[in-house]
1. In Å and whole numbers, how far do the C-alpha atoms of the range 109-243 stretch along each principal axis, longest first?
2. With the calculation restricted to Cα positions, what are the radius of gyration and Dmax of the range 82-178 in angstrom?
3. Calculate one ³J(HN,Hα) per residue across the range 67-83 by plugging θ = phi - 60° into the Karplus curve 6.51 cos²θ - 1.76 cosθ + 1.60, and present them in order as whole Hz with x for glycine and proline.
4. Please tell me the relative contact order of the chain in percent, rounded to the nearest whole number, where contacts are Cα pairs under 8 Å and at least six residues apart.
5. So what's the gap between the Cα centers of the range 68-86 and the range 141-178, to the nearest angstrom?
6. Would you mind giving the three semi-axes, in whole Å and largest first, of the ellipsoid equivalent to the chain according to its Cα gyration tensor?
7. In the chain, what % of DSSP beta bridges are antiparallel (nearest 5)?
8. Label E190 and D29 with points 7 Å out from Cα along Cα→Cβ: what is the distance between them in nm?
Amino acid sequence: MQLLWCDSADEFSRTAADKVLEALARKPDLTVALPTGRTPLGLYAQLRARAATGQASFDRARWFDLDEYVGLDSQHPLSYARFIRTQLLAEIGVSDDHVRLLRGDASDPESECRDYDRAIAAAGGLDLAILGLGANGHIAFNEPGSDWHRTTHVTELTEQTRVANSRGLSDGESVIPRFGMTMGIGTLREARRILLLVSGEEKRAALQVLRTGTRDRNWPVTSLLRHPELTVIADSGLRSPGS
Ligand code: GLP
């Protein structure tokens with residue numbers, strides 16, 4: 001595991017963007033899985049800026065998202081598909097036929113998950129999975145106790161995740177769906193390269209568990225420990241274990 005500490009939000013975003021562009025330079029038709037949340041916002045701003053100034057071309061890459069809420073269509077304000085299109089894909093010159101996002105409003109969510117796995121396989125598997133981290137150690141929507149071998153599936157969200165994801169919403173967690181669809185840990189570990197982004201005081205405990213190097217099913221992020229190409233980018237404020 002390569003662990004890169006960053007002293008500022010700007011350094012964090014630039015370091016993450018550099019990693020993505022390095023991978024893209026090696027393989028212009030890179031297949032990428034994208035996260036939502038606050039953590040990748042700076043990365044997406046960097047990628048938008050680099051596309052706008054012609055420093056990078058994203059048109060041959062293929063794009064997937066990690067997860068989605070069950071029941072939300074792609075125009076819903078809480079939809080992850082909408083977030084990823086608005087924050088990144090619509091701004092960097094990506095054509096629709098290079099994008100496959102989970103359809104939260106699919107009439108049969110389980111069948112949508114199987115279809116999604118087929119689409120990932122047809123694209124040659126994931127070259128790069130970019131991940132955020134939940135305070136409880138979740139990656140994508142793989143909550144504590146998840147089966148580490150699963151591919152894309154429907155999952156029930158924990159109360160902690162629903163509360164965390166309702167930050168800033170006036171209606172609170174009541175508007176966050178109870179179920180999500182997510183690439184499984186099996187899918188993520190198959191990715192040839194993983195970039196894990198860790199920012200925010202509430203991630204301190206999960207990062208600390210990862211740094212102990214012990215695999216623990218109650219901390220899904222530790223499933224990544226034996227991955228041969230895992231890079232972690234973290235706020236340097238999270239260096240000490242804390243109390
Ligand atoms: C959600 C997403 C995760 C993301 C997490 C952290 O639960 N499903 O993929 O990593 O939030 O979000 P944030 O970056 O806002 O802390």
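1. Dimensions of the range 109-243 along the principal axes of its Cα atoms: 44, 41, 22 Å.
2. Answer for the range 82-178, Rg first and Dmax second: 15.0, 42 Å.
3. For the range 67-83, the Karplus curve yields 7, 6, 7, 6, x, 9, 7, 6, 9, 4, x, 8, 5, 5, 4, 5, 4 Hz.
4. Working: 466 pairs, mean separation 60.8, N = 243.
Relative CO of the chain lands at 25 percent.
5. What the calculation gives is 14 Å, centre to centre.
6. On the way: eigenvalues 109, 103, 66 Å².
Semi-axis lengths for the chain are 23, 23, 18 Å.
7. Numbers: 8 of 30 bridges.
Once the DSSP bridges in the chain are tallied, antiparallel ones form about 25 percent.
8. 1.9
We did not get these values from a lab; they are worked out from the coordinates using the rules stated. Every value quoted in this text rests on a predicted model; they were computed, and no experiment measured them. Virtual Cβ from ideal backbone geometry, glycine too; neighbours counted across all protein chains shown.
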